[in-house]
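The values are calculated or read from the model by the stated rules, or taken from the named source; none is laboratory data. For clarity, every value in this text was computed on a predicted model and none was experimentally measured. Using ideal geometry, Cβ is built from the backbone for each residue, glycine included, and neighbour counts are taken over all protein chains shown.
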């Protein structure tokens, strides 16, 4: 039979009838499973993996991580479930650490400068020559030594500071947005030298001023773990309420139940006014001694901060107040805060970064005394010191006052040798400090220990690349610790690849001190040896999480657990200084701004932080949570305000401060005070790996460079939120590199016939929650 | 193939009241599953690879404005719209309740991508490319997808297989919540999530933490949503794809459309 289309259809019809017919005649049907008989590669388990406990160094928190290693290669970083800081969880930054380890543009070995300073021209040299040069320079100018590192604690801090001291020099930590003011407020209000822990998991009301604690502030992964329980913890009867008071809508504000767009720098006044209401309405905790707190004056100590006086200063939008007066709004907030104990007030970031930042933070943290949450469950917990004498439990970080004097020392030839490790002050300090320019001196010798090119390393005379933390030893006393003693241990999980020749920074310090006979205080041959000595000392303490019968067994268990901790060795308690509120009220001051125009709010990027992760493609490609922008700088302005100013999304605008200007595309943010401009940190590098320098000046700029070097009164820290700027069009426009679509995503369910089934994110009221 | 195997039906519960939009799950997934590096161009072409992504929605107007986050990943549907349209049976629902993609059957018609209402399938328009040294990080348990085929979330099946090997074939015990947690076997996103907004477990296991949510949502379908005793709902439930992922509603303490007195 000829096979034609007609025949084919006929046969197909007969076959179909036949198939049905067979079933009718009762032949047993067989289930046909549409499933692959093929084993997929993912179905086959191959190879054995090893997991090593160590510490992550992608942000200053140093979380405990486990690293999966197969055949000598690190494959995955994830939280160490035993480590009491982050409890098995990690941030996006921790994962990205693997890309630092296997970065295509890691510096392979020592290099010396061949071109003019800052030209970025270097030639490879040997370790022998590099170390000889370092020794010679130290011998010649050691007394003019400045050793700059990131904020470090425990062994790295001990060895770095002793090394600098051995030569008559100085060790200073650098962080672009430092915690100096926060630390000073904790000291003044609670009398503590170490940063406290917050028991978010058991709090019922969280009042946060400016602190972006779920994204970047102090210990974000730890706060996030607690925050999950704060919302829907097992066994909780009441869901916690979170009010976020800040001019810029951060990722943390997005999670809050209420966002309060307060005028920048007035946070302290609001906090004192809340205290005024709590005291005058007698809402304080039973245990609170108001007389002691106010020097016997009661609410009269805060007479200048009544809601009626402070209300108008906050400049709250009328639509938010819904017909209430701002004074009533303050009273209502105070009653809510004091009525939902355990209640917790925290403050940081922009609230601390005004000229009156110390006043703001002191006023905020003093609130915890009034609601009785100091040292209590659901409140502020304090930390004990180091388990081993000498090991620093807090990092030493230079303030703006320090850096201004350092720049002066360099210019005047008092500092003649600069050693820089894992810090980038040329990028991170405002241009107005003149640090980068000061380095252009012929009689200054700069040694960088960075494994990557960056702005400071580009100015160096000698580069001695350090190992990445996954290849190196180390230790950390977390700050804040979880309310008890912890010593985290960092161990090498892989060896450096054969085409790379890095050396451990701390080991270089130790061997150099030994060679120059300055090792009196540094009696260790290597960092590993120092750690082992500490391990033996911990074993001798005979307490804590590591159980062992011998020092050797203790060391192995210590490495396996990723550290040592003793839950019974808790922190001290704090009692309020007499007349605390009188002191704070005396300190009250309005914020002082540099320049004119809109308030500039720089902020730490969720994954790039202050720019330290800009060379990692995963960190660059992780969308900003609010704007979904990647690989770019941007300028956030209130959507309506932007329309009034005549800008459209992607227009390149110039942001001009009293010190200079940057350009970046503008992004319309529906949640922004109309008089505030938000610009993330991180981009705008001109030296570094390809991933770090994507984009030209129009779309990749460093907002730190245009800040005035104004200081927080009383601490000398950089008041990075105290700038006002003019925003103007450049006439150019580009497409913003973002994850979201061309139209701003809005929930449509409520707008289409109020049809809840169309909603993507369904909501319910707290009463109905289960 | 495997005799006496324990029947699992993997599922996930996402608590929107805990999600802070921090992107930890997104990067953890990319690190675990050998996703191509999302370059600037990928974003500009709207072709970024994120097996799990965070969507951000705005509600309201300044100053009464809210941003809400939702993690969206393959929903591993029981009635998966992607499956019947594949001409080569490259995608199917396996015995574990996973919607899987057989890379070496896929011929790249992209019908599945077109038919997925959740937009969680990704086409490899290019051969994935890493700088030589970064290849050291690639996970040997996960296939690198070549140009011309479709890829998607696997619920980290490679981790489940390792867990089955370690737990079930050694001791014969059931791989349950506790053993997944003890062995660090949860999918990379769930393991990473700092607020524990993601919960992973076995719908067939009566003891599993996720089970009550599935029971509730299965008992009361979309037409009886108000009778549910949990906050559970499924994404785009009205199209009846029966996902293996249940979202728990965001608790809105101060809804925007209410006029009552509050701060």
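Numbers at a glance
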read-out	value
In the range A:397-430, the residues that are surrounded by fewer than 18 Cβ atoms within 10 Å (Cβ to Cβ) and touching a helix residue (DSSP H, G or I) at 6+ places or on another chain (Cβ under 7 Å)	A:411, A:414
Number of the exception - residue A:370 against (1) crowded, with 23+ Cβ neighbours inside 10 Å; (2) closer than 29 Å to residue A:284 by Cα; (3) under 26 Å from the mean Cα position of the chain (by Cα)	(3)
Considering residues of the range A:503-533 that are closer than 18 Å to residue A:564 by Cα and out of contact with any helix residue (DSSP H, G or I) (no Cβ under 7 Å at 6 or more places or on another chain) only, the residue surrounded by the most Cβ atoms within 10 Å (Cβ to Cβ)	A:528
Yes/no for residue A:612 being assigned to a loop (DSSP other than H, G, I, E, B), surrounded by 21 or more Cβ atoms within 10 Å (Cβ to Cβ) and more than 14 Å from chain B (Cβ to nearest Cβ)	yes
Residue B:242 being at pLDDT 90 or above and touching a strand residue (DSSP E or B) at 6+ places or on another chain (Cβ under 9 Å)	no
Meets criteria (in contact (Cβ under 8 Å) with a residue 40 or more places away in the chain, assigned to a helix (DSSP H, G or I) and under 22 Å from the mean Cα position of the chain (by Cα)) for residue A:705	yes
Residue match in the range A:180-199 (condition: within 14 Å of another protein chain (Cβ to nearest Cβ) and crowded, with 24+ Cβ neighbours inside 10 Å)	no
Residue selected from the range B:202-217 under the condition without any contact (Cβ under 8 Å) to a residue 60 or more places away in the chain and touching a strand residue (DSSP E or B) at 6+ places or on another chain (Cβ under 6 Å), by the criterion farthest from the other protein chains (Cβ to nearest Cβ)	B:208
Matching residues, the range B:157-201, being within 11 Å of another protein chain (Cβ to nearest Cβ), touching a strand residue (DSSP E or B) at 6+ places or on another chain (Cβ under 9 Å) and assigned to a loop (DSSP other than H, G, I, E, B)	B:184, B:186, B:193, B:194, B:195, B:196, B:197
Residues that are in contact (Cβ under 8 Å) with a residue 12 or more places away in the chain and either more than 7 Å from chain A (Cβ to nearest Cβ) or not in a loop (DSSP other than H, G, I, E, B) (or both), drawn from the range B:30-44	B:30, B:31, B:32, B:33, B:34, B:35, B:36
Some residue of the range B:73-82 being touching a strand residue (DSSP E or B) at 6+ places or on another chain (Cβ under 9 Å), part of a strand (DSSP E or B) and either surrounded by fewer than 20 Cβ atoms within 10 Å (Cβ to Cβ) or touching a residue at least 12 places away in the same chain (Cβ under 8 Å) (or both)	no
Search result, residues across the range A:80-98 that are more than 7 Å from chain B (Cβ to nearest Cβ), within 16 Å of residue A:220 (Cβ to Cβ) and surrounded by 24 or more Cβ atoms within 10 Å (Cβ to Cβ)	A:83, A:85, A:86, A:93, A:94, A:97
Residues of the range A:658-686 satisfying the condition of being touching a helix residue (DSSP H, G or I) at 6+ places or on another chain (Cβ under 8 Å), closer than 18 Å to residue A:610 by Cβ and buried (at least 20 other Cβ atoms within 10 Å of the Cβ)	A:662, A:679, A:680, A:681, A:684, A:685
Among (1) free of Cβ contacts under 8 Å to residues at least 24 places away in the same chain; (2) surrounded by fewer than 16 Cβ atoms within 10 Å (Cβ to Cβ) - the single one residue A:281 does not satisfy	(1)
Residue check for residue B:103: part of a loop (DSSP other than H, G, I, E, B), surrounded by fewer than 19 Cβ atoms within 10 Å (Cβ to Cβ), at pLDDT below 95 and in contact with a strand residue (DSSP E or B) (Cβ under 8 Å, 6 or more places away or on another chain)	yes
Flag for residue A:690 being out of contact with any helix residue (DSSP H, G or I) (no Cβ under 9 Å at 6 or more places or on another chain) and more than 20 Å from residue A:732 (Cβ to Cβ)	yes
Residue match in the range A:555-567 (condition: on the phi > 0 side of the Ramachandran plot and surrounded by 18 or more Cβ atoms within 10 Å (Cβ to Cβ))	yes
Single residue of A:208, A:224 found to be crowded, with 24+ Cβ neighbours inside 10 Å, within 10 Å of another protein chain (Cβ to nearest Cβ), modelled with pLDDT of 95 or more and within 21 Å of the chain's Cα centre (by Cα)	A:224
Residue ID - surrounded by the fewest Cβ atoms within 10 Å (Cβ to Cβ), chosen from residues in the range A:323-336 that are within 8 Å of another protein chain (Cβ to nearest Cβ) and closer than 13 Å to residue A:260 by Cα	A:329
Residue within the range A:687-696 that is touching a strand residue (DSSP E or B) at 6+ places or on another chain (Cβ under 9 Å) and under 26 Å from residue A:349 (Cβ atoms) present	no
Residue A:273 assigned to a helix (DSSP H, G or I) and crowded, with 24+ Cβ neighbours inside 10 Å	yes
Any hit, the range B:8-25, residues being crowded, with 23+ Cβ neighbours inside 10 Å, at the interface with another protein chain (Cβ under 8 Å from one of its Cβ atoms) and assigned to a helix (DSSP H, G or I)	yes
Filter result (facing chain A (nearest Cβ under 7 Å) and modelled with pLDDT under 90) within the range B:218-237	B:222
Per-region count, the range A:378-396, residues surrounded by fewer than 24 Cβ atoms within 10 Å (Cβ to Cβ) and not in a loop (DSSP other than H, G, I, E, B)	1
Checklist (1) over 19 Å from residue A:350 (Cβ atoms); (2) within 14 Å of chain B (Cβ to nearest Cβ) applied to residue A:656, failing item	(2)
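Each row is one residue, and each column tells you yes or no for (1) under 30 Å from residue A:569 (Cβ atoms); (2) in a helix (DSSP H, G or I).
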site: A:376; (1), (2): yes, no
site: A:405; (1), (2): no, yes
site: A:410; (1), (2): no, yes
site: A:419; (1), (2): no, no
site: A:446; (1), (2): no, no
site: A:458; (1), (2): no, yes
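Residues checked against (1) modelled with pLDDT of 95 or more; (2) within 14 Å of chain B (Cβ to nearest Cβ); (3) surrounded by 23 or more Cβ atoms within 10 Å (Cβ to Cβ):
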site	(1), (2), (3)
A:69	yes, yes, no
A:130	yes, no, no
A:144	no, no, no
A:159	yes, no, yes
